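As C-alpha cells, the structure follows; a few thoughts come after it.
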Amino acid sequence: MRVLNVQLRDFRTYARAEAHLGEGLTVVHGPNGAGKSNLLEALYFGCTGRSPRTRNERELVRFGAPATRVVVGLADAAETHELSVGFEPGQPKRMSCDGAPVERLLDVETRPLLSVFVPDRLAIETLAGSVVESRDDPEAAFAGQTLETPWDKFHVAYFASEALWTYLTSPFLYTYAGFESEEIEPWRENGEEWRRLKVTFPDYIASHTKTQITHFGPDGLMRRHDYTVDILGGATGLNYASDYRNIGGIIIPTKRRVYAYEGDYQLVKEPLLVAIDMGEITFVKDEYMQSVAHSS
C-alpha cells in the first residue's frame, strides 16, 4: 500500500491544497515557513486521525475557518482506497475508509504499511503483523552509494529508524553494555558552558556512526548531539535538542534541529538540514534491549 495523493482543506496555513506522490521517493522542499511540515503533518493526520505535532487539534484548523478536512488516496497492486478525516473544534472527528465511517483509522487494514526495525533486519509489515517484505543487513545496502544515488523504501526506513531510535533513547542508552564514554573539554555556546561526553557505540547498536559527542547544559539536560553519518558518506551533523517534556517520568526533548558543521564543530547555519517536532511519544518495555543491557 502506498500513498497516491493528499488533499487538504483549511489545514494549518493551507486553504486548499493537493499533492500527488510518485512511485519512488518524494522530496518536499522549499524555504522555511513554506508549509513543508504542515503538509507532512496533514499526511500523517489523514492516515492515523491524529497529529504528530500537537495534542491541541484546534491548532490544525486554519485561522478563521470552522473546520478542517484531509483526504488521503492509497493504492496497492489491485485497487485504490481513500481515507478521510474531518475535524471541527468541539465536535468528534469524522473518519472514514472508502466512504464508510470508522471509529479508528489505526484499525483500518488499508492504511499504509509500517516498518519494523532491528539492527540486522528491516521488515515492512501490515498492522496485523504480517511481513510483506524484508531486507537482511539493511546497512550493507548503502555500500558504494554517492549523494546522487536514489534510495528505495528500505533505505529511507532504515535511516529514519536508526536516527529516531538514537534520538529518543539518548543519553539513556549510554548505560547499556558495551558503551564506552569519557568526558572531554567543555564547550561554550549561548552564554552557557556545556559538559561534553564522547561516546563510543558497541557493534550491536545501529546508529549514525561509532563515535559521537553529546553536550549537557548546567541543568543536566542535553543541548546538542554531534556526529557524522556513515551511510551518507560522513556527512556532519549538529543536532540541537530543546522543548523538553515529561513522558511518564522521563524527560525527553520534543524538538530537534540539525545543521552541518565545519572544522572544529563550527555551526553552518544555512541550510537547516532536518527539523523534527514530536507531538505524541509513548514508551513500552523492550525485553530484547533489557536482556542485552543486563547480559554482562
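Give me the one-decimal nm value for the distance between modelled label points at D219 and V118, 7 Å along each residue's Cα-to-Cβ direction.
Here the answer is 3.8 nm between the modelled labels.
Please compute the modelled spin-label separation between V156 and A34, points set 7 Å along Cα→Cβ, answer in nm with one decimal.
Label-label distance for A34 and V156, simple model: 1.7 nm.
Give me the number: length gained by fully extending E262 to Q91, i.e. 0.36 nm times residue separation minus the C-alpha to C-alpha distance, one decimal in nm. Could you put the intermediate results ahead of the total?
On the way: separation 171, 0.36 × 171 = 61.56 nm, distance 5.08 nm.
Result for the pair: 56.5 nm of gain on full extension.
Between the helical axis of 153-169 and the dominant principal axis of the chain, each derived from Cα atoms, what acute angle in degrees is found, rounded to the nearest 10?
Its long axis makes an angle of about 60 degrees.
Kindly identify region 46-197 as rounded, prolate or oblate by the Cα gyration tensor criterion: order the square roots of the eigenvalues as a ≥ b ≥ c, call it rounded if a/c is under 1.5, otherwise compare a/b with b/c, prolate if a/b is larger, else oblate. Can you show the working numbers first?
Values: a/c = 2.50, a/b = 1.40, b/c = 1.79.
It is oblate, given that a/c is not under 1.5 and a/b is not larger than b/c.
Could you work out how far helix 36-48 tilts from the main Cα principal axis of the chain, as a 0 to 90 degree angle to the nearest 10?
60 degrees
Assuming R0 = 22 Å, can you tell me the calculated FRET efficiency for the pair L232 and D136, based on Cβ-Cβ distance, to the nearest 0.05? Intermediate values should be presented prior to the final figure.
Values: r = 22 Å, r/R0 = 0.98.
Calculated value: 0.55.
If I stretch the segment between Y204 and I250 completely, what's the gain in nm (0.36 nm per residue apart, minus their alpha carbon distance), one decimal? Before the final figure, lay out each step's value.
On the way: separation 46, 0.36 × 46 = 16.56 nm, distance 2.43 nm.
In short, 14.1 nm is gained.
Once both labels are modelled 7 Å past Cα along the beta-carbon direction, what's the S181-A75 spacing in nm?
4.9 nm
Fully extended, how many nm does the chain gain between S242 and A19 (0.36 nm per residue separation, minus their Cα-Cα distance)? Don't jump to the answer; show the numbers that get you there.
Working: separation 223, 0.36 × 223 = 80.28 nm, distance 3.10 nm.
77.2 nm is the gain from fully extending S242 to A19.
Write down the Kirkwood hydrodynamic radius of region 149-293, to one decimal in angstroms, obtained as one divided by the mean of 1/r over all alpha carbon pairs. Before the final figure, lay out each step's value.
On the way: mean 1/r = 0.0616 Å⁻¹.
Every distinct Cα pair counted, the radius reaches 16.2 Å.
Each reported figure results from applying straightforward, stated rules to the coordinates on display, with no laboratory input. This one's a predicted model, so the numbers in the text were calculated from it and none came from an experiment. As a convention, Cβ positions derive from the backbone with ideal geometry for all residues, glycine included, and neighbour counts pool all protein chains shown.
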